[in-house]
Amino acid sequence: MAGEAGRLLTGFGHRYAVVVRIATLPPIAAIGLLRSSPAEFAATAVVVAAAVVWTCARGWWSRAPIAVDVAVLLGLCLTVFWTDAEADGNTGWLRLLVVFACVTWQWHTPPLTGALAALIAGGGMLVVFAAAGLALSVSQVWVLAMAAMSRAAWVLVTRAAERADRMAAEAERVRREAAVAAAVRAEEREFANSLHDTAATTLLMVGLGQVPPDADWLAPQAHRDLARLRFLDDARLDDGRTAPEADLVELLRADLGTGHLTVELDVPPRLSLPSDVAGAIAGAVREALNNVRRHAGTDRGRVRLRGDAQALSVEISDEGKGFAVEDRAMARRGLRESVHGRMDRVGGTATITSAEGVGTTVRLEWPA
């Protein structure tokens, strides 16, 4: 059994077999001593002591070859010939010793090994007792049947563990596929957001006549838009993992070279964050500034960054004409996906405060 449940069950079989044999040892030894005749007490005590020592040693050396265990148990059975046990019939404790060994072997051995060990030990015990002239009872013959029932029960438990492993493997496969699909959707969504925030916005402004085609900032802006789209690929390592960290301040400064919007930047010299977080925050700030440029009716904005790599806040504000947040904030794709959506995906929040004639403030917060 290669799965986690199978490995746990195999270890449990070894440990529980040891526990059962040692736990049953005191009453078995007591039976052997108490039913012994006074004349044979000393010899019986020696055999019982040997059985106790071996069972404890077997518990400590749980990985001992099962053939050694079988040989020792048969050797204990053979002592009926020199302890005169047949005279008083004190073989019940030996039978119990062999029965518990045959039953517990089935919990940590392959089926063929467990069956052969039970057949040799149980059958050998019956042969020895018969050769010693002892009458065989039904309970003695049942040793093989009990070993077979123990194996059948263990097979059922093993199959249940295998089913659990198959279910766990299937659940893990589904989880991995879902994670891959979610990652692909996230990358597609981020690319769409970046396309919306950069080239699409610039082309729309030109197409609607909001800027003249010969504006001196248009060519540099197009160059920055292309660089931003390339950043989506450059931010990833060759093996497909996301780059570990990025400087949020550097990303923010990279978007502020346009002459059509003057931005007052209040930021620390440097702030390293996980690259996905830095990229999401920078993208949300960029879209907020795009909205200032397109809708606020002003050519000035402010960006203030406070915090550290554990928690931070970014405020993007303007003194433009503002808008009714409850009517338009979530209706605009740029606000819904490029601001709120980006912050949601990295565990942050975006709050927009605005009203007609009083400007707009976008507050981005991210706790580690």
Single unsatisfied condition, residue 45 versus (1) in a helix (DSSP H, G or I); (2) crowded, with 16+ Cβ neighbours inside 10 Å; (3) small (Gly, Ala, Ser):
(2)
Filtered residues of segment 105-131 (kept if surrounded by 21 or more Cβ atoms within 10 Å (Cβ to Cβ) and out of contact with any Asp or Glu (no Cβ under 9 Å at 6 or more places or on another chain))
106, 107, 108, 114, 118, 122, 125
Restricting segment 314-348 to residues that are in contact with a Lys or Arg (Cβ under 6 Å, 6 or more places away or on another chain) and open to solvent by 30 Å² or more (accessible area, probe 1.4 Å), the one modelled with the highest pLDDT turns out to be 315
Which pairs have Cβ atoms under 7 Å, sit 6 or more apart or on different chains, and link a residue in segment 141-165 that is closer than 12 Å to residue 6 by Cα to one that is surrounded by 13 or more Cβ atoms within 10 Å (Cβ to Cβ) and charged (D, E, K, R)?
165/4
Exactly one condition in (1) exposed (fewer than 15 other Cβ atoms within 10 Å of the Cβ); (2) over 23 Å from residue 354 (Cα atoms) is false for residue 272; which is it?
(1)
Give me the pairs, please: first residue somewhere in segment 260-273 and of a type outside the set (Phe, Trp, Tyr) and in a strand (DSSP E or B), second residue anywhere and open to solvent by 40 Å² or more (accessible area, probe 1.4 Å) and modelled with pLDDT of 90 or more, beta-carbon distance under 6 Å, and either six or more positions apart or on two chains.
264/302; 266/304
Those helices (runs of 4 or more DSSP H) lying entirely in segment 62-179 with at least 1 residues over 18 Å from residue 20 (Cα atoms) and modelled with pLDDT of 90 or more:
66-78, 111-131
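The values are calculated or read from the model by the stated rules, or taken from the named source; none is laboratory data. None of the values given here were measured: they were computed from a predicted structure. Quick reminder, even Gly has a Cβ in these numbers, built from the backbone with ideal geometry, and neighbours come from all protein chains shown. Quick note on the areas: whole protein, heavy atoms, side chains included, nothing else; ligands and nucleic acids left out. Shrake-Rupley method; radii C 1.70, N 1.55, O 1.52, S 1.80 Å.
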